[in-house]
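S.K.: Got a structure for you, written out below as structure tokens; questions coming shortly.
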Amino acid sequence: METIIILGAGGFARELYGYKSHGYFWDEEQGDKEIFMFEESERSIEPLTGVAILNTLGPFAGDQFILGTGQPALNKRFYEMASTLGLRPLHNGIVLTRNVVVTSNAKLGKGVVLNVGCCISHDCVVGDFAVISPHVVLGGGTVIGECAFLGIGVVTVPGVKIGAGAIVGAGSVVTKDIPDGETWCGVPARKMTK
């Protein structure tokens, strides 16, 4: 029996586990698979009935993993750690949840998380380990940098660029380019200052 490990054990990981009965992890013809969760921290986590939470990945070399957090930097670290230990990413590490639309010529990097109800329009480029929250709409030709985070309901106009490590707050409308590492919010989105 092959094993799939969800890297993370918080809320998003539990949502992913719920997809197992809907054929997300495998086709029924591929046979049974055992699913575990992995959590490296000491934090208290509400376990799911019947799901073991691992604190090591070493014994699972050759098995598959899927990223299970909404945190770009943590997903990148988990991906690199699991790959170094010989685990293989399921679906190239890309996480597509329910009702996601990816249209023509869009390119998705490894470890990208596309949450419920996202629309990635034509010619968009989503960089490695970017996290796109529920109901985000990217206008055609939008470019999202590595490890960027877009909050719930963000909308971009066509052709904007959101830099690596940038954060865009929930409900924002992005009408101009956002530099690397900056946090923007609002309608239209503006840079947040401390």
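S.K.: Can you find a residue that is among the hydroxyl-bearing types (S, T, Y), out of contact with any His (no Cβ under 9 Å at 6 or more places or on another chain) and either at pLDDT below 95 or closer than 14 Å to P72 by Cβ (or both) anywhere in the range 160-180? Talk me through it step by step, then tell me what you get.
M.R.: Of all residues in the range 160-180, those among the hydroxyl-bearing types (S, T, Y) come to 172, 175.
With out of contact with any His (no Cβ under 9 Å at 6 or more places or on another chain) added as a condition, the list becomes 172, 175.
Those still in the list that are either at pLDDT below 95 or closer than 14 Å to P72 by Cβ (or both) too: none.
No, the conditions are met nowhere in the range 160-180.
S.K.: Scanning the range 65-93 for residues that are modelled with pLDDT under 90 and open to solvent by less than 40 Å² (accessible area, probe 1.4 Å), which turns out farthest from H135 (Cα to Cα)? Spell out how you get there, then give the answer.
M.R.: Of all residues in the range 65-93, those modelled with pLDDT under 90 come to 90-93.
Still in the running and open to solvent by less than 40 Å² (accessible area, probe 1.4 Å): 90, 93.
Values: L90: 23, G93: 21 Å.
Among residues in the range 65-93 that are modelled with pLDDT under 90 and open to solvent by less than 40 Å² (accessible area, probe 1.4 Å), the one farthest from H135 (Cα to Cα) is L90.
S.K.: Would you say G165 is under 21 Å from T97 (Cα atoms), in contact with a strand residue (DSSP E or B) (Cβ under 9 Å, 6 or more places away or on another chain) and open to solvent by 10 Å² or more (accessible area, probe 1.4 Å)?
M.R.: On the way: under 21 Å from T97 (Cα atoms): no; in contact with a strand residue (DSSP E or B) (Cβ under 9 Å, 6 or more places away or on another chain): yes; open to solvent by 10 Å² or more (accessible area, probe 1.4 Å): yes.
Taking the combined requirement at face value, the residue does not satisfy it.
S.K.: For the subset of the range 26-58 comprising residues that are touching a helix residue (DSSP H, G or I) at 6+ places or on another chain (Cβ under 7 Å) and part of a loop (DSSP other than H, G, I, E, B), which member is modelled with the highest pLDDT? Don't jump to the end; show me each part of the working.
M.R.: The initial filter retains those residues of the range 26-58 that are touching a helix residue (DSSP H, G or I) at 6+ places or on another chain (Cβ under 7 Å), namely 35, 37, 48, 51, 57.
Then keep just the ones that are part of a loop (DSSP other than H, G, I, E, B); that gives 48, 51, 57.
Numbers: L48: 66, V51: 78, L57: 86.
Only one residue fits best here, namely L57.
S.K.: For the range 144-158, give me each residue that is over 14 Å from V187 (Cα atoms) and either open to solvent by 50 Å² or more (accessible area, probe 1.4 Å) or not in a strand (DSSP E or B) (or both).
M.R.: The answer is G145, E146, C147, A148, F149, P158.
S.K.: Note down all Cβ pairs under 6 Å where the first residue falls in the range 112-125 and is free of Cβ contacts under 8 Å to residues at least 40 places away in the same chain, the second is open to solvent by 10 Å² or more (accessible area, probe 1.4 Å) and basic (K, R), and they're at least six residues apart or on different chains.
M.R.: Sorted first by the residue in the range 112-125, then by its partner, the pairs are V116/R98; V125/K107.
S.K.: Quick check: anything in the range 171-190 touching a helix residue (DSSP H, G or I) at 6+ places or on another chain (Cβ under 9 Å) and among the aliphatic types (A, V, I, L, M)? Step through it out loud before you land on a result.
M.R.: Start the filter on the range 171-190 by keeping residues that are touching a helix residue (DSSP H, G or I) at 6+ places or on another chain (Cβ under 9 Å), which leaves none.
Within the range 171-190, not a single residue is touching a helix residue (DSSP H, G or I) at 6+ places or on another chain (Cβ under 9 Å) and among the aliphatic types (A, V, I, L, M).
S.K.: Among what's in the range 95-139 and is modelled with pLDDT under 95 and assigned to a strand (DSSP E or B), pick the residue that is surrounded by the fewest Cβ atoms within 10 Å (Cβ to Cβ).
M.R.: L96
The values are calculated or read from the model by the stated rules, or taken from the named source; none is laboratory data. This is a predicted model, so every value here is computed, not measured. FYI the Cβ positions are ideal-geometry reconstructions off the backbone, even for glycines, and counts take in every protein chain you see. What goes into the accessible areas is simple: the full protein's heavy atoms, side chains included, and nothing from ligands, DNA or RNA. Shrake-Rupley method; radii C 1.70, N 1.55, O 1.52, S 1.80 Å.
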